[in-house]
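Below is one structure, written out as C-alpha coordinates; the observations come after it.
The values are calculated or read from the model by the stated rules, or taken from the named source; none is laboratory data. Quick caveat, the model's predicted, so the values are computed rather than measured. We place every Cβ from the backbone using ideal geometry, glycine too, and count neighbours over all the protein chains shown. In case anyone asks, the SASA skips ligands and DNA or RNA and just uses the protein heavy atoms, side chains included. Shrake-Rupley method; radii C 1.70, N 1.55, O 1.52, S 1.80 Å.
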Amino acid sequence: MIPRPERDQWIDLGFAVATMVLAITGFRATFAGGEELIVGIPAVLAGVAVAAIVTLLRVGLLPSVAIALTVWVAAGGALAIRSEALFGVIPTLGVLQGLATGLIAGWIRLLTTVPPAGEAGSLLTIPYLVGFVGGMVSLVLAWRFKGPWCVIVPLGVLVIALLFGTHVPAAIILQGGALAGATVAWAAVRHSRRAILRVGPVSRRRQAWAGSLVVAIVVIAPLVGPLMPGADANPRFVLREHVIPPFDPLQHPSPLGGYRRYVGAENETAEIMTVTDLPPDVPIRLAVMDNYDGL
(Lines give C-alpha, C1' and ligand atoms only; values in the text may rest on other atoms or scores of the structure.)
Protein backbone atom coordinates (compact mmCIF):
# COMPACT_ATOMS: atom_id res chain seq x y z
CA MET A 1 0.00 0.00 0.00
CA ILE A 2 1.32 3.43 -0.95
CA PRO A 3 1.63 5.81 2.05
CA ARG A 4 -0.45 8.96 1.84
CA PRO A 5 1.48 12.23 1.32
CA GLU A 6 1.61 14.66 4.20
CA ARG A 7 0.26 18.20 4.06
CA ASP A 8 3.60 19.77 3.16
CA GLN A 9 4.12 17.18 0.45
CA TRP A 10 0.77 18.02 -1.12
CA ILE A 11 1.76 21.68 -1.14
CA ASP A 12 5.05 20.87 -2.86
CA LEU A 13 3.22 18.71 -5.38
CA GLY A 14 0.87 21.57 -6.23
CA PHE A 15 3.73 24.03 -6.65
CA ALA A 16 5.66 21.56 -8.81
CA VAL A 17 2.73 21.11 -11.19
CA ALA A 18 1.91 24.83 -11.33
CA THR A 19 5.46 26.03 -11.95
CA MET A 20 6.16 23.35 -14.54
CA VAL A 21 2.97 24.11 -16.48
CA LEU A 22 3.87 27.80 -16.49
CA ALA A 23 7.37 26.96 -17.72
CA ILE A 24 6.00 24.76 -20.53
CA THR A 25 4.08 27.76 -21.90
CA GLY A 26 7.44 29.05 -23.11
CA PHE A 27 7.15 26.61 -26.04
CA ARG A 28 4.11 28.48 -27.32
CA ALA A 29 6.30 30.66 -29.55
CA THR A 30 7.67 27.50 -31.20
CA PHE A 31 4.43 25.56 -31.73
CA ALA A 32 1.84 28.38 -31.58
CA GLY A 33 -1.09 25.98 -31.80
CA GLY A 34 -1.55 24.88 -28.22
CA GLU A 35 0.24 21.57 -28.85
CA GLU A 36 2.81 22.42 -26.19
CA LEU A 37 0.10 22.45 -23.50
CA ILE A 38 -1.88 19.52 -24.88
CA VAL A 39 1.28 17.42 -24.64
CA GLY A 40 3.13 19.23 -21.86
CA ILE A 41 0.47 19.29 -19.14
CA PRO A 42 -0.22 15.52 -19.18
CA ALA A 43 3.54 14.94 -19.36
CA VAL A 44 4.05 17.04 -16.21
CA LEU A 45 1.27 15.17 -14.40
CA ALA A 46 2.74 11.82 -15.43
CA GLY A 47 6.22 12.82 -14.27
CA VAL A 48 4.91 14.10 -10.94
CA ALA A 49 2.92 10.88 -10.44
CA VAL A 50 6.00 8.74 -11.05
CA ALA A 51 8.05 10.88 -8.67
CA ALA A 52 5.39 10.63 -5.95
CA ILE A 53 5.15 6.85 -6.22
CA VAL A 54 8.88 6.08 -6.23
CA THR A 55 9.49 8.56 -3.41
CA LEU A 56 6.70 7.35 -1.13
CA LEU A 57 7.72 3.72 -1.70
CA ARG A 58 11.41 4.59 -1.28
CA VAL A 59 12.36 2.93 -4.57
CA GLY A 60 16.06 2.85 -5.42
CA LEU A 61 17.69 4.93 -8.14
CA LEU A 62 17.99 2.30 -10.88
CA PRO A 63 14.47 0.86 -10.41
CA SER A 64 13.13 4.43 -10.35
CA VAL A 65 14.81 5.17 -13.68
CA ALA A 66 13.39 1.95 -15.13
CA ILE A 67 9.88 2.83 -13.94
CA ALA A 68 10.15 6.37 -15.32
CA LEU A 69 11.40 5.14 -18.70
CA THR A 70 8.59 2.57 -18.91
CA VAL A 71 5.91 5.17 -18.15
CA TRP A 72 7.49 7.65 -20.57
CA VAL A 73 7.40 5.14 -23.42
CA ALA A 74 3.94 3.83 -22.53
CA ALA A 75 2.41 7.32 -22.54
CA GLY A 76 4.44 8.54 -25.51
CA GLY A 77 2.04 7.14 -28.10
CA ALA A 78 -1.04 8.75 -26.60
CA LEU A 79 0.63 12.12 -26.01
CA ALA A 80 3.51 12.84 -28.37
CA ILE A 81 3.23 10.47 -31.37
CA ARG A 82 -0.45 9.68 -31.72
CA SER A 83 -0.21 9.05 -35.47
CA GLU A 84 1.98 5.99 -34.88
CA ALA A 85 0.10 4.62 -31.86
CA LEU A 86 -2.40 1.80 -32.20
CA PHE A 87 -5.87 3.32 -31.83
CA GLY A 88 -4.03 6.55 -30.99
CA VAL A 89 -3.09 5.22 -27.54
CA ILE A 90 -1.19 1.92 -27.53
CA PRO A 91 2.56 2.31 -28.25
CA THR A 92 3.93 0.49 -31.28
CA LEU A 93 7.31 0.04 -32.91
CA GLY A 94 6.69 3.30 -34.77
CA VAL A 95 6.16 5.06 -31.44
CA LEU A 96 9.44 3.70 -30.10
CA GLN A 97 11.25 4.83 -33.24
CA GLY A 98 9.62 8.26 -33.06
CA LEU A 99 10.53 8.74 -29.41
CA ALA A 100 14.12 7.68 -30.07
CA THR A 101 14.38 9.93 -33.11
CA GLY A 102 12.89 12.87 -31.24
CA LEU A 103 15.14 12.30 -28.25
CA ILE A 104 18.29 12.31 -30.40
CA ALA A 105 17.57 14.45 -33.45
CA GLY A 106 14.41 16.30 -32.41
CA TRP A 107 16.34 19.16 -30.83
CA ILE A 108 18.13 20.24 -34.00
CA ARG A 109 15.02 19.58 -36.10
CA LEU A 110 13.01 21.85 -33.84
CA LEU A 111 15.57 24.61 -34.30
CA THR A 112 15.66 24.27 -38.09
CA THR A 113 11.86 24.12 -38.49
CA VAL A 114 10.17 27.41 -39.24
CA PRO A 115 7.64 28.14 -36.46
CA PRO A 116 4.92 27.11 -35.91
CA ALA A 117 6.24 23.56 -35.78
CA GLY A 118 2.86 21.88 -35.23
CA GLU A 119 2.69 18.10 -34.97
CA ALA A 120 5.07 17.38 -37.85
CA GLY A 121 7.40 14.45 -37.36
CA SER A 122 8.32 13.74 -33.77
CA LEU A 123 8.88 17.35 -32.67
CA LEU A 124 6.29 17.06 -29.89
CA THR A 125 8.70 14.67 -28.22
CA ILE A 126 10.62 17.72 -26.97
CA PRO A 127 7.90 19.34 -24.79
CA TYR A 128 6.79 15.84 -23.78
CA LEU A 129 10.27 14.91 -22.58
CA VAL A 130 10.93 18.26 -20.90
CA GLY A 131 7.57 18.26 -19.12
CA PHE A 132 7.86 14.66 -17.93
CA VAL A 133 11.45 14.88 -16.69
CA GLY A 134 10.98 18.37 -15.26
CA GLY A 135 7.89 17.43 -13.26
CA MET A 136 9.51 14.27 -11.95
CA VAL A 137 12.83 15.85 -10.95
CA SER A 138 11.27 18.93 -9.34
CA LEU A 139 9.04 16.85 -7.05
CA VAL A 140 11.84 14.41 -6.17
CA LEU A 141 14.06 17.33 -5.14
CA ALA A 142 11.21 18.86 -3.15
CA TRP A 143 10.35 15.68 -1.24
CA ARG A 144 13.82 14.28 -0.67
CA PHE A 145 15.89 17.41 -0.02
CA LYS A 146 15.44 20.49 2.09
CA GLY A 147 15.85 24.00 0.83
CA PRO A 148 14.55 25.78 -2.29
CA TRP A 149 16.64 23.81 -4.80
CA CYS A 150 13.53 22.36 -6.41
CA VAL A 151 12.58 25.73 -7.93
CA ILE A 152 15.65 25.55 -10.19
CA VAL A 153 13.99 22.86 -12.34
CA PRO A 154 11.00 24.88 -13.67
CA LEU A 155 13.28 27.86 -14.19
CA GLY A 156 15.64 25.63 -16.18
CA VAL A 157 12.70 24.36 -18.27
CA LEU A 158 11.71 27.96 -18.99
CA VAL A 159 15.26 28.72 -20.15
CA ILE A 160 15.15 25.72 -22.52
CA ALA A 161 11.79 26.84 -23.91
CA LEU A 162 13.10 30.37 -24.48
CA LEU A 163 16.28 29.16 -26.17
CA PHE A 164 14.25 27.03 -28.57
CA GLY A 165 11.71 29.80 -29.14
CA THR A 166 11.69 32.97 -31.21
CA HIS A 167 12.43 36.64 -30.64
CA VAL A 168 8.73 37.25 -29.94
CA PRO A 169 7.81 36.35 -26.32
CA ALA A 170 5.17 33.65 -25.99
CA ALA A 171 3.40 34.88 -22.83
CA ILE A 172 5.08 37.68 -20.90
CA ILE A 173 2.62 37.69 -18.00
CA LEU A 174 2.75 33.92 -17.51
CA GLN A 175 6.52 33.62 -17.96
CA GLY A 176 7.72 36.81 -16.33
CA GLY A 177 5.03 37.38 -13.74
CA ALA A 178 3.15 34.23 -12.78
CA LEU A 179 6.16 31.91 -12.90
CA ALA A 180 8.35 34.35 -10.99
CA GLY A 181 5.69 34.77 -8.32
CA ALA A 182 5.08 31.03 -8.06
CA THR A 183 8.77 30.18 -7.70
CA VAL A 184 9.29 32.92 -5.10
CA ALA A 185 6.24 31.70 -3.17
CA TRP A 186 7.44 28.08 -3.32
CA ALA A 187 10.90 29.03 -2.13
CA ALA A 188 9.40 31.16 0.66
CA VAL A 189 7.12 28.32 1.80
CA ARG A 190 10.00 25.88 1.97
CA HIS A 191 12.17 28.38 3.81
CA SER A 192 9.39 29.09 6.32
CA ARG A 193 9.23 25.41 7.24
CA ARG A 194 12.82 25.50 8.40
CA ALA A 195 12.18 28.79 10.20
CA ILE A 196 9.19 27.31 12.04
CA LEU A 197 11.40 24.61 13.49
CA ARG A 198 13.66 27.30 14.97
CA VAL A 199 11.42 30.13 16.10
CA GLY A 200 7.90 28.72 16.16
CA PRO A 201 4.84 29.67 14.11
CA VAL A 202 5.05 32.54 11.63
CA SER A 203 2.86 35.51 12.49
CA ARG A 204 -0.10 36.36 10.28
CA ARG A 205 1.45 39.75 9.66
CA ARG A 206 4.52 38.17 8.10
CA GLN A 207 2.34 35.81 6.07
CA ALA A 208 0.29 38.74 4.76
CA TRP A 209 3.48 40.64 3.90
CA ALA A 210 4.89 37.64 2.02
CA GLY A 211 1.64 37.17 0.10
CA SER A 212 1.54 40.84 -0.83
CA LEU A 213 5.11 40.64 -2.07
CA VAL A 214 4.30 37.68 -4.33
CA VAL A 215 1.24 39.43 -5.75
CA ALA A 216 3.29 42.55 -6.39
CA ILE A 217 5.89 40.54 -8.29
CA VAL A 218 3.24 38.86 -10.43
CA VAL A 219 1.46 42.12 -11.31
CA ILE A 220 4.28 44.64 -11.49
CA ALA A 221 7.16 42.65 -12.98
CA PRO A 222 5.77 42.16 -16.50
CA LEU A 223 4.60 45.77 -16.64
CA VAL A 224 7.65 47.53 -15.24
CA GLY A 225 10.33 45.18 -16.54
CA PRO A 226 10.15 46.24 -20.21
CA LEU A 227 10.30 49.90 -19.16
CA MET A 228 13.49 49.60 -17.13
CA PRO A 229 16.66 51.24 -18.52
CA GLY A 230 18.57 48.83 -20.71
CA ALA A 231 15.68 46.38 -21.01
CA ASP A 232 15.96 46.49 -24.81
CA ALA A 233 19.71 46.90 -24.91
CA ASN A 234 20.23 43.38 -26.21
CA PRO A 235 17.91 41.30 -28.40
CA ARG A 236 16.50 38.04 -27.07
CA PHE A 237 19.01 35.24 -27.56
CA VAL A 238 17.52 32.24 -29.36
CA LEU A 239 19.41 29.25 -30.67
CA ARG A 240 17.64 29.11 -34.04
CA GLU A 241 19.35 32.35 -35.06
CA HIS A 242 22.72 30.58 -34.78
CA VAL A 243 21.79 27.34 -36.56
CA ILE A 244 21.87 27.04 -40.35
CA PRO A 245 18.98 24.85 -41.51
CA PRO A 246 19.83 22.07 -43.98
CA PHE A 247 19.26 22.85 -47.65
CA ASP A 248 15.82 21.78 -48.81
CA PRO A 249 15.41 22.01 -52.60
CA LEU A 250 11.64 21.71 -52.22
CA GLN A 251 11.62 25.15 -50.60
CA HIS A 252 13.03 26.79 -53.76
CA PRO A 253 11.55 27.07 -57.27
CA SER A 254 13.11 24.71 -59.78
CA PRO A 255 14.81 26.31 -62.81
CA LEU A 256 13.40 23.48 -64.91
CA GLY A 257 9.91 24.72 -64.18
CA GLY A 258 10.50 27.75 -66.40
CA TYR A 259 11.94 25.81 -69.31
CA ARG A 260 8.53 25.43 -70.96
CA ARG A 261 8.43 29.17 -71.54
CA TYR A 262 11.23 28.84 -74.07
CA VAL A 263 9.95 25.90 -76.15
CA GLY A 264 6.54 27.18 -77.15
CA ALA A 265 5.78 28.16 -80.73
CA GLU A 266 5.21 31.77 -79.72
CA ASN A 267 8.80 32.00 -78.46
CA GLU A 268 10.55 30.55 -81.53
CA THR A 269 11.36 34.00 -82.86
CA ALA A 270 11.53 35.85 -79.54
CA GLU A 271 14.88 37.36 -78.63
CA ILE A 272 16.03 35.73 -75.41
CA MET A 273 19.62 36.91 -75.29
CA THR A 274 22.37 38.27 -77.49
CA VAL A 275 25.71 36.48 -77.85
CA THR A 276 28.73 37.72 -79.80
CA ASP A 277 31.91 36.12 -81.18
CA LEU A 278 30.36 32.66 -81.73
CA PRO A 279 29.93 30.80 -85.03
CA PRO A 280 26.35 30.43 -86.30
CA ASP A 281 24.19 27.56 -85.07
CA VAL A 282 26.44 26.74 -82.11
CA PRO A 283 24.32 25.60 -79.11
CA ILE A 284 24.77 27.34 -75.78
CA ARG A 285 24.53 25.32 -72.56
CA LEU A 286 22.74 27.38 -69.92
CA ALA A 287 22.63 24.82 -67.11
CA VAL A 288 23.65 21.25 -66.39
CA MET A 289 22.81 18.71 -63.72
CA ASP A 290 25.71 16.74 -62.28
CA ASN A 291 23.35 13.86 -61.43
CA TYR A 292 19.86 12.80 -62.49
CA ASP A 293 17.78 10.11 -60.79
CA GLY A 294 14.94 10.15 -63.30
CA LEU A 295 12.60 12.35 -61.21
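From the list 266, 271, the lone residue that is at pLDDT 75 or above and either open to solvent by 100 Å² or more (accessible area, probe 1.4 Å) or farther than 30 Å from residue 111 by Cα (or both) is 271.
Taking every residue in segment 52-76 that is under 25 Å from residue 100 (Cα atoms) and pairing it with any residue that is polar (S, T, N, Q) and open to solvent by less than 40 Å² (accessible area, probe 1.4 Å), at least 6 positions away or on another chain, the pairs with Cβ-Cβ distances below 9 Å are 54/64; 64/55; 76/125. Residues satisfying the criterion are present in segment 60-76 (criterion: over 28 Å from residue 88 (Cβ atoms), out of contact with any strand residue (DSSP E or B) (no Cβ under 6 Å at 6 or more places or on another chain) and crowded, with 19+ Cβ neighbours inside 10 Å).
I want to confirm something. Restricting to segment 1-55 and keeping residues that are in a helix (DSSP H, G or I), open to solvent by 50 Å² or more (accessible area, probe 1.4 Å) and not hydrophobic (A, V, I, L, M, F, W, C), which single residue is nearest to residue 179 (Cα to Cα)? Within segment 1-55, the match that is nearest to residue 179 (Cα to Cα) is 28. Is it the case that segment 196-218 has a residue that's at pLDDT 75 or above and open to solvent by less than 30 Å² (accessible area, probe 1.4 Å)? No. For segment 280-295, which positions are more than 44 Å from the chain's Cα centre (by Cα) and open to solvent by 80 Å² or more (accessible area, probe 1.4 Å)? If the condition is that a residue be more than 44 Å from the chain's Cα centre (by Cα) and open to solvent by 80 Å² or more (accessible area, probe 1.4 Å), then 280, 281, 283, 284, 285, 286 are the ones that fit. Among the residues of segment 90-104, just one is surrounded by 15 or more Cβ atoms within 10 Å (Cβ to Cβ) and not in a helix (DSSP H, G or I), namely 91. In segment 123-169, the residue that is farthest from the chain's Cα centre (by Cα) out of those that are among the hydroxyl-bearing types (Ser, Thr, Tyr) and at pLDDT below 90 is 166.
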